[in-house]
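Below is one structure, written out as structure tokens; the observations come after it.
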Amino acid sequence: MKRILIFASGSGSNAENIIDYFWRRPNMSIRFEIFTNNKNAGVIDRARRLHIPCALIEREQFNDEKFLEAIGEVDLIILAGFLWLVPEYLTKAFSGKIINIHPALLPAYGGKGMYGDRVHKAVIDNKEKRSGITIHHVNEKYDEGEVIVQATCKVETNESPETLAGKIHRLEFAYFPIVIEQLIEG
Ligand code: GRF
């Protein structure tokens, strides 16, 4: 039995997509748990509906090394729309075992404050022809860990942040579970 933690701050559609993907593969026995830093996050309702344990974390707790005890043994930590910087004690303790998904082609459009529609708006404002997703390892800096995979989509001349977000989510739903499967099997 593998244990995977998902950290999410928002809607949690990636979290649900990942859980759903592995439920369709019952031969892969995985226990999921969700952590959120946002008491209003949509991911909380999804967790309830999916019967996945979901815990709310405070910043002080997250930045304190004692949080390692709450985490325990894990096979993988997934950041799926999680907005806090991961402290160094965690990146060290779980080196190679924390991954993030970013809704653009890093190193472009990454870093602190670059999340959600802000990213898509910047891509459109700069008249980029392509955008995409980056799945990467997590280190102690925002969006700077080693890239695992990138996938691209076209940015049309009449693209809006909403339509681009839809294309990006489709890429995320297709790629993220497969990368996770490869990492936990490898
Ligand atoms: C995704 O686009 C992801 O790339 C980014 O935050 C968004 C989260 O969406 N890091 P959701 O909460 O999974 O719907």
Ordering 29-42, 60-73 by per-residue average of other C-beta atoms within 10 angstrom, highest first, gives 29-42, 60-73
For the pair Thr163 and Val147, how long in nm is the line joining their label points, each one 7 Å along Cα→Cβ?
-> 2.6
With +1 on the Cβ of every Lys and Arg and -1 on the Cβ of every Asp and Glu, the dipole magnitude of the chain about its Cα centre, in debye rounded to the nearest 20, is 440
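Explain nothing, just the number: dipole magnitude of the stretch 33-139 about its Cα centre with +1 on each Lys and Arg Cβ and -1 on each Asp and Glu Cβ, in debye rounded to the nearest 20.
The calculated dipole for the stretch 33-139 is roughly 580 debye.
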Rough spin-label spacing in nm, given labels placed 7 Å along Cα→Cβ, for Glu58 and Asp125 = 3.6
Net charge, Ser13 excluded, C-beta distance under 13 Å - Lys, Arg +1, Asp, Glu -1 | -1
Zone reached by a paramagnetic label modelled 7 Å from Val179 Cα along Cα→Cβ, restricted to the stretch 42-81 with backbone N below 18 Å, covers 75-81
Taking the dipole of the stretch 91-186 about the Cα centre (Lys, Arg +1; Asp, Glu -1; charges at Cβ), the one of Pro177, Val119, Gly166 that reaches farthest to the positive side is Val119
When averaged across all projection directions, what area in nm² does the alpha-carbon convex hull of the chain cover?
-> 10.1
DSSP bridge pairs, the chain: antiparallel proportion in percent, nearest 5 = 40
To the nearest 500 deg cm²/dmol, what mean residue ellipticity at 222 nm is calculated for the chain from DSSP H runs of n ≥ 4 alone, each contributing -39,500 (n - 2.57), summed and divided by the residues?
-> -11000 deg cm²/dmol
Starting from the Cα of Asp20, step 7 Å toward the Cβ, then list every residue of the stretch 156-175 with an amide N under 17 Å from that point.
-> 166-175
Note the full-extension length gain between Ile71 and Arg31 as 0.36 nm times their separation in residues minus their Cα-Cα distance, in nm to one decimal.
-> 13.1 nm
From the Cα centre of the stretch 92-106 to that of the stretch 25-73, the distance in Å is 17
Cα gyration tensor category, rounded, prolate or oblate, for the stretch 99-186 with a/c compared to 1.5 | oblate
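A short reminder: the numbers here are calculations on the coordinates, not readings from a lab. Every value quoted in this text rests on a predicted model; they were computed, and no experiment measured them. Using ideal geometry, Cβ is built from the backbone for each residue, glycine included, and neighbour counts are taken over all protein chains shown.
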